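Taking it in order: structure first as structure tokens, then the write-up.
What follows is calculated from the coordinates using simple rules that are stated; it is not laboratory data. Predicted model, so just to flag it, every value in this text is computed and none were measured. Ideal geometry is used to build each Cβ from the backbone, glycine not excepted, and the neighbour counts take in all protein chains shown.
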Amino acid sequence: MTDQHFSAHARTRTGRSHQGVGHVDEHHDERFTVVGNHLAQHSELSLTAIGLAVHIHSLRSGTLVGIKALAAKFPEGETRIASALRELETHGYLSRIKERLPSGRIVTRTISYNKPRTHTAPQLPKPHGEPIQTTTPPPPSTPAVPTSPPPPEPPTPARDVLAGLRTHDPRLHLSEQDVRRLAPAVATWLERGVTPDDVQRTLASGIPKEGVRHPAGFLAHRLTALLPLPLPAAHPEPPRPAPLQNCDDCDRAFRAATPGRCRGCDASHEARAAAA
């Protein structure tokens, strides 16, 4: 009987120590991705970023790799996925370029590198037969003088409330522009009798564990949806009655601002004076 031989066998890698990891390597003929050790053993990337890079390498061109699309596949959530994508951009494994289509719509094109790059990525061909957009370098001109940012507005109770939100939750970090936009809505809360501490507790409570993608938009929604009713107007006190006085003639009690005669005695006194 003829013995059957296989062209490839599982090969076990051995090392000097028997305490660490062992490997059983098998040859892949299909559905595999080549990953360099510069990525798999990167000392500055998190495991989430390394795993995400390997996943993106394995995808076909044109597959959506936005934050929401990836969060729908994996349990890490949008916050951790967004952080991992930023890591890959920082270390040259990923670039995201905003492009304007002929229709005027702006899209984000993601480019993945199997080796880290430090220069600007070239443009990819447009899908579905769209023409490649080329950019003609502008003629040399005098460098523009950088303008300093506008000075911050003076502190107000509403601005202090917004600036202090990050002490309740570091994820509620707002820019100067965000504070200027949200301050009028916070001032409305304060005008309706809500204390600054209560405003901060209401805005910072119940935030999802995975955080919020746009803190300013999240707070703008809460400031509108949770706006309390204004305090009821204070009713004026009814006028107090005049104090009681004793009539100088009949000693009866009557109400008047000053002492004197009651109405009956006063009328009799006037009648006697007229008859005389």
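Things to note:
- When each of the peptides 91-99, 163-171 is scored by the mean number of other C-beta atoms lying within 10 Å of its residues, the order from highest to lowest reads 91-99, 163-171.
- The overall shape of the range 18-62, judged from the alpha-carbon gyration tensor, is oblate: a/c is not under 1.5, and a/b is no greater than b/c.
- Over the range 215-261, Cα pairs under 8 Å with separation of 6+ residues give a relative contact order of 25 percent.
- Per-residue Karplus couplings for the range 173-183, computed as 6.51 cos²θ - 1.76 cosθ + 1.60 with θ equal to phi - 60°, are listed in order as 8, 10, 7, 4, 5, 4, 5, 4, 6, 8, 4 Hz, Gly and Pro entered as x.
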